[in-house]
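Novice: Mind looking over this structure? Questions follow.
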Amino acid sequence: MSTSAPVATRDAAPPNLDPRAPRRVRHEARRRTLSVKHVDKIAAHMIRVTLTGDLEGFVSLGFDDHIKLFFPDGTTNAEGAPNMPGRDFTPRRHDPAANTLEVDFAIHDAGPATRWAAQAAPGQQLAIGGPRGSFIIPTTYDWHLLIGDETGLPAIARRLAELPAGTRVVVLGEIDGPADELSFKTEANVSVNWAHRNGAAAGAGDVLEKALKSLKMPSGDFYAWVACESLVAKALRRQLIADHGANPNWMRAAGYWRRGAVAVHDVHED
């Protein structure tokens, strides 16, 4: 196990950079093997797994950082070893003092991540890698808009937990129904709005787009963060710019998954 200090390298900033523009920080990534400490069901379709073990030097500076988790998929390679496909997840909360890392799993269509989380139990091992870098979004806006489906909720929850007290935030979350609503721990001034699919397939409709049309928004400069199905995220980005005057430079719209595909992570920009 490496005992060297974590390395974080800031990308060079261009001159006359907007002081409120996000910045990227790169990390020295490494692979670790952790063990499950405990498992909690925090909503009807959300499981929180708390991991512990080789976390020395783990660094995650951005609320929407990604770590790669590696799960057995039931197949083997030519040497007979199990194949371990990787999937991206948000490091929900890292507690260096307790030596723990929380990861929230949205339980949806069967896949290696869902199958693993559904049977996870204390003592089981899980390999992780990263994060390779952080995308750090300043907090110095008049207010913040956070939009996501179940896959984006862990990052939203982390952002709310980390924002300074009194920060004004509007949250729009797409979930299946009331049993999937989460309680957020935060000192921010938050308005939480839930959009229910009511049994419709995730990512197949315009639930978030319709909810955004009627969403009550504060005045002032805001940063908009969106994470959900990829085509939906792209549509929401267009809608925010066209209908709500969002600044394209103060926005991040990401596809955390895409219908009909696996292991997708898209970032939509001009």
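The values are calculated or read from the model by the stated rules, or taken from the named source; none is laboratory data. Note that the structure is a prediction, hence the values are computed from the model and not measured. Positions of Cβ are backbone-derived with ideal geometry, glycine not excepted, and every protein chain shown enters the neighbour counts. With ligands, DNA and RNA removed, areas are computed over all heavy atoms of the protein, side chains included. Shrake-Rupley method; radii C 1.70, N 1.55, O 1.52, S 1.80 Å.
Novice: According to a simple spin-label model (label point 7 Å from Cα along Cα-to-Cβ), what is the distance in nm between Val264 and Gln119?
Specialist: Label at Gln119, label at Val264, 2.8 nm between them.
Novice: Sticking with this structure for a sec: Taking the Cα atoms of region 187-248 alone, what are Rg (to one decimal) and Dmax (as a whole number) in Å?
Specialist: 12.5, 36
Novice: Hey, can you rank 167-175, 147-155, 204-212 by average C-beta count inside 10 Å, highest first?
Specialist: Packing order, densest peptide first, comes out as 147-155, 167-175, 204-212.
Novice: Counting only protein heavy atoms and using a 1.4 Å probe, what share of the accessible area of the chain belongs to carbon plus sulfur, as a whole percent? Kindly include the intermediate steps, with their values, before the conclusion.
Specialist: Details: 6390 of 13240 Å².
It is 48 percent, rounded to a whole number.
Novice: Using all C-alpha to C-alpha distances in region 111-270, build P(r) with 5 Å bins and read off the rounded percent in each one.
Specialist: 2, 8, 17, 21, 21, 16, 10, 5, 2, 0, 0
Novice: Please compute the Cα-Cα pair-distance distribution of region 60-109 with 5 Å bins starting at 0, giving whole percents from short to long.
Specialist: 5, 17, 19, 20, 15, 11, 9, 4, 0
Novice: Determine how many Å³ per residue the convex hull of the Cα atoms of region 150-202 encloses. Present the calculation step by step, with values, prior to reporting the outcome.
Specialist: Numbers: hull volume 3.3 nm³, N = 53.
So the per-residue hull volume is 61 Å³.
Novice: Size of the dipole of the chain about the Cα centre, Lys and Arg at +1 and Asp and Glu at -1 on the beta carbon, nothing else charged, in debye to 20?
Specialist: Working: 31 positive and 32 negative charges, 49 e Å.
Result for the chain is approximately 240 debye, rounded to the nearest 20.
Novice: Work out the charge dipole of region 199-270 with +1 on the Cβ of Lys and Arg and -1 on the Cβ of Asp and Glu about the Cα centre, then indicate which of Gly245, Val226, Gly203 is farthest towards its positive end.
Specialist: Going by the charge dipole, the pick is Gly203.
Novice: Once both labels are modelled 7 Å past Cα along the beta-carbon direction, what's the His38-Ala110 spacing in nm?
Specialist: 3.1 nm
Novice: Report the far tail of the P(r) of the chain, meaning the percent of Cα-Cα pairs longer than 32 Å. If you can, show how the numbers build up before the last one.
Specialist: Working: 8355 of 36315 pairs.
So the pairs more than 32 Å apart make up 23 percent of the total in the chain.
Novice: Then there's this: Based on the Cα coordinates of region 40-192, what is the per residue volume of their convex hull in Å³? Intermediate values should be presented prior to the final figure.
Specialist: Numbers: hull volume 19.6 nm³, N = 153.
Convex hull of Cα atoms, per residue: 128 Å³.
Novice: Can you compute the charge dipole magnitude of region 200-270 about its Cα centre, using +1 on each Lys and Arg Cβ and -1 on each Asp and Glu Cβ, nothing else charged? Give it in debye, rounded to the nearest 20. Don't skip to the answer; put the middle values down first.
Specialist: Values: 9 positive and 8 negative charges, 35 e Å.
About 180 debye.
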